[in-house]
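> Just passing along the structure, written as structure tokens.
The values are calculated or read from the model by the stated rules, or taken from the named source; none is laboratory data. No experiment lies behind these values; they were computed from the predicted model shown. Neighbour counts are summed over all protein chains in view; Cβ atoms, including those assigned to glycine, are modelled from backbone coordinates with ideal geometry. Calculation scope for accessible area: heavy atoms of the full protein, side chains included, ligands and nucleic acids excluded. Shrake-Rupley method; radii C 1.70, N 1.55, O 1.52, S 1.80 Å.
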Amino acid sequence: MDAYVEKDAVEMSGDGRRPSEDPPVTPVGSEGTRTAPGAGIMALSLPYQVVAAVALAAVGVFACVHLAMVFLHVAPSNTLTKRHGEAVGDWIYPEFEQNWKLFAPNPLQANISVEVRAELAGADGGRRTTGWIDLTAQDVAAIRHNPMPSHAQQNQLRRAVDFYLNTHTDDNRPNGSRGAFSEQYIRRIAMSRLETLQGPEGRTFGPDVRRIQLRTVSRTVPAARWSTEKTRTTPSYRNLPWWTITQADRSAGAVTSRTEAGR
């Protein structure tokens, strides 16, 4: 007769007894002790748990401090901002500044360019002044057709000019304690650009620069063709003072020309 085996039949061992099921495998720790499987941080060894906990705590503290500083920065004037306003400003500027001009009743409607000219020392001891050099055009050329322009190319020069204009009066007098810092900041940015530019003689301007002057050029964006708004499209200029360049304004490792070194 044919033997039929049911699908759910249990195989028997040779002596007719049911084989015992294999017990579940329990993970063994580094010291031979059996440990229950963990998840997340608890699955790490003790030293790594401590490092992860400290890192999470540091991130949490930073997030709380940052949110508090941003809140105080955008909040109306109050006792805390009056007492700790300088600390809040040092935290916010320049990386985290909140700029709401896009949502203002009258948003920015002008293109502002920054230009610089330099007074150079010649080999004969004389001085000559360069023409105006458009620093903004350099940034625009670097950004155009670049899918991933740097933050410095997009914002460094523009924010430096905004910083200067907001800390000075219309006659270029500082209106607060940050005025001198804004002058130093924009002066060093201009010098870093001049140190990479070549003059007619084939050498960079940097070593020969003795003084520089910057100016802003504002050009109103023309109104749309269908608009009846009348706009003045001729550029307007604001000249900043002449600044004497010191060694501190030059990049690290930069040297002055032999004319200056011999003085």
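> Give the range 42-66 a look and list any residue that's modelled with pLDDT under 90 and either outside any helix (DSSP H, G or I) or under 30 Å from residue 176 (Cβ atoms) (or both), or say none.
44, 45
> Quick one: which of 137, 118, 160 is assigned to a helix (DSSP H, G or I) and surrounded by 17 or more Cβ atoms within 10 Å (Cβ to Cβ)?
One residue alone meets the criteria, 160.
> Could you tell me which numbered condition residue 180 fails, if it satisfies all but one of (1) in a helix (DSSP H, G or I); (2) of a type outside the set (Ser, Thr, Tyr); (3) surrounded by 15 or more Cβ atoms within 10 Å (Cβ to Cβ)?
(3)
> Right, something else. Scan the range 197-227 residue by residue and report those that are of a type in the set (Phe, Trp, Tyr) and farther than 21 Å from residue 160 by Cβ.
Answer for the range 197-227, where residues must be of a type in the set (Phe, Trp, Tyr) and farther than 21 Å from residue 160 by Cβ: just 226.
> Identify, please: which residue in the range 166-176 is surrounded by fewer than 15 Cβ atoms within 10 Å (Cβ to Cβ) and without any contact (Cβ under 8 Å) to a residue 24 or more places away in the chain and is, among those, farthest from residue 213 (Cα to Cα)?
176
> Working only within the range 198-239, note down all residues that are closer than 27 Å to residue 121 by Cα, surrounded by fewer than 15 Cβ atoms within 10 Å (Cβ to Cβ) and at pLDDT 85 or above.
Of everything in the range 198-239, those that are closer than 27 Å to residue 121 by Cα, surrounded by fewer than 15 Cβ atoms within 10 Å (Cβ to Cβ) and at pLDDT 85 or above turn out to be 215, 237, 238, 239.
Conditions (1) touching a strand residue (DSSP E or B) at 6+ places or on another chain (Cβ under 6 Å); (2) aliphatic (A, V, I, L, M); (3) modelled with pLDDT under 85, marked per residue:
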residue	(1), (2), (3)
68	no, yes, no
71	no, no, no
96	no, no, yes
104	no, yes, yes
119	yes, no, no
129	yes, no, no
172	yes, no, no
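> Here is a follow-up. I'd like the full set of residues that are in contact (Cβ under 8 Å) with a residue 12 or more places away in the chain, among the small types (Gly, Ala, Ser) and either under 18 Å from residue 168 (Cα atoms) or assigned to a loop (DSSP other than H, G, I, E, B) (or both), limited to the range 191-222. Before you say what the answer is, go through the steps one by one.
Filtering the range 191-222 for residues in contact (Cβ under 8 Å) with a residue 12 or more places away in the chain gives 191-195, 197, 199, 205-221.
After this cut, where a residue has to be among the small types (Gly, Ala, Ser) as well, the list is 192, 199, 206, 218.
Passing the criteria: 199, 218.
> Could you give every pair whose Cβ atoms fall below 9 Å, whose first residue belongs to the range 72-84 and is over 17 Å from residue 97 (Cα atoms) and open to solvent by 90 Å² or more (accessible area, probe 1.4 Å), and whose second residue is among the β-branched types (Val, Ile, Thr) and modelled with pLDDT of 85 or more, counting only separations of at least 6 or pairs across chains?
80/88
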